[in-house]
Amino acid sequence: MMTLRIALSGEASARDYPIVIGDRVLWESRCFLVEACPSRRVVVVSDDRVWGLHGGVLATLLTQWGFVFEPVIVPEGEQSKSLTCLAFLYNAFCGFRLRRDDTVIAFGGGVVGDLAGFGAATFLRGVPFVQIPTTLMAQVDSGVGGKVAVNLPQGKNLAGCFYQPRLVVADVSLLETLDKRDWDSGMAEAVKYAALGDDGLGEIFREPVAESDLTRIVWLCCAAKGRFVMEDELDQGVRALLNFGHTFAHALETFYGYGTYRHGEAVARGMLIASEVGSRLGVSVPGTGAALKGMLDNAGIEGRLTENVDEGVLDFLPLIQADKKNPGGVEAVDEVALVLLRELGDAYVHKIRYEDLVEVFANSRSGLVVDRCLT
Ligand SMILES: NC(=O)c1ccc[n+]([C@@H]2O[C@H](COP(=O)([O-])OP(=O)(O)OC[C@H]3O[C@@H](n4cnc5c(N)ncnc54)[C@H](O)[C@@H]3O)[C@@H](O)[C@H]2O)c1
């Protein structure tokens, strides 16, 4: 078992929390859970797939450890990160008579974590919250850092807030049942941390990933994300770099409908599109896109996600004008903020007029982003 501590600065320090990482650590997490959930009354939010696969284990452990709990199960998939499911949660919290010293446990992927976290943050103006992430995506990224949200029809994550968990338990044994697409999705976020300069991850993705690398990947990603969160909890500065690839990813996800692309699949494409923008604007060192693609390949990510990535960009590009990270907010704006790479490990925020960005793609008919980077 490995334990990391997220130390939040200033008055917030009472909200510091541990991240427990390892193989079968769920079975060993009694003390952590008891500390995080002192009343031992908990609502467990999960999705039908996760609960069907792993709910029995969690239910048995909670019962053995003297917890009173109520499972609240939403349908699997991005569609559940909705106002409708949020209302369903509030209703279940009321039915359980959830009090301010009781706890909401998110047991699932990023969808469940974001939804349950936003429910916990807003019910009774905030009840304690614990993350037990069950996807690679959630273990390497979304389970840590306290961003919680639901989607609105107008865009992803538009209703949300910052709300840190009291505990994260990342048990890699739960990932054995993940399907290939969800595996790729999580690996893409892990590659993002390598692209942003984590040396340990860069080392791992220099070669094809082995199963034995898994715990170390989760550990390094949590540590990397933790560093960003500890420096900039409320996303006013350096944390913005974690959006590398995400502006394009969110537009892709919205354009094709939530759930068509897994979030990380869209991020893999989004990172390559961003590196292509850097290359076409002449701000990236030649070969940066190829190096990124090499890491995605070594992470085992399906080639269909990382080839011809600028195909169709002009179709979904208008949606990036409504990204909430833009200087003008969610209103359609003239200028957009992109995270670009000067080279691997050197990311920065690049503001560009929307029209100029359209030009970047309108002037290219190659469609072969990576081939261009390789030459
Ligand atoms: N809050 C953040 O900081 C943050 C960061 C990144 C992503 N996100 C959000 O996370 C979401 C994506 O997360 P995700 O990729 O985990 O998606 P997800 O929660 O939809 O999970 C993907 C699929 O995997 C299934 N699943 C979960 N655990 C499983 C297991 N152990 N075995 C088998 N199947 C399992 C789920 O039922 C679902 O079908 C997006 O909504 C994204 O916006 C949030």
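Within the stretch 117-141, the set of residues being near the ligand (Cβ under 7 Å from one of its atoms) and closer than 23 Å to residue 102 by Cβ comprises 134, 138. Of all residues in the stretch 157-173, those being assigned to a strand (DSSP E or B) and buried (at least 23 other Cβ atoms within 10 Å of the Cβ) number 4.
Quick grid of which residues meet (1) modelled with pLDDT under 95; (2) farther than 21 Å from residue 336 by Cα; (3) within 16 Å of the ligand (Cβ to nearest atom):
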| site | (1), (2), (3) |
| --- | --- |
| 244 | no, no, yes |
| 254 | yes, no, yes |
| 259 | yes, yes, yes |
| 270 | no, no, yes |
| 273 | no, no, no |
| 280 | yes, no, no |
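Answer with yes or no whether residue 136 is among the aliphatic types (A, V, I, L, M) and modelled with pLDDT under 95. Full working, then the answer.
On the way: among the aliphatic types (A, V, I, L, M): yes; modelled with pLDDT under 95: no.
Criteria not met by residue 136.
Among what's in the stretch 143-156 and is touching a Gly at 6+ places or on another chain (Cβ under 6 Å) and over 15 Å from residue 20 (Cα atoms), pick the residue that is surrounded by the fewest Cβ atoms within 10 Å (Cβ to Cβ). Among those residues, the one meeting the criterion is 149. Residues that are touching a Phe, Trp or Tyr at 6+ places or on another chain (Cβ under 8 Å), among the charged types (D, E, K, R) and either modelled with pLDDT of 95 or more or surrounded by fewer than 24 Cβ atoms within 10 Å (Cβ to Cβ) (or both) occur at least once in the stretch 174-196. Evaluating residue 114 against the criteria (1) within 13 Å of the ligand (Cβ to nearest atom); (2) touching a helix residue (DSSP H, G or I) at 6+ places or on another chain (Cβ under 6 Å) leaves one unmet condition, (2). Yes or no: residue 151 more than 23 Å from residue 8 (Cβ to Cβ), within 11 Å of the ligand (Cβ to nearest atom) and assigned to a strand (DSSP E or B)? Answer is yes for this residue.
Put simply, of 50, 68, 45, 74 the only residue that is more than 15 Å from the ligand (Cβ to nearest atom) and β-branched (Val, Ile, Thr) is 68. Do we have residue 206 as at pLDDT 95 or above, surrounded by fewer than 24 Cβ atoms within 10 Å (Cβ to Cβ), over 13 Å from the mean Cα position of the chain (by Cα) and within 16 Å of residue 4 (Cα to Cα) here? Judged against the criteria, residue 206 is not a match.
The values are calculated or read from the model by the stated rules, or taken from the named source; none is laboratory data. Quick caveat: nothing in here was measured; it's all calculated off a predicted structure. Here Cβ is always computed from backbone atoms with ideal geometry, including for glycine, and neighbour counts include all displayed protein chains.
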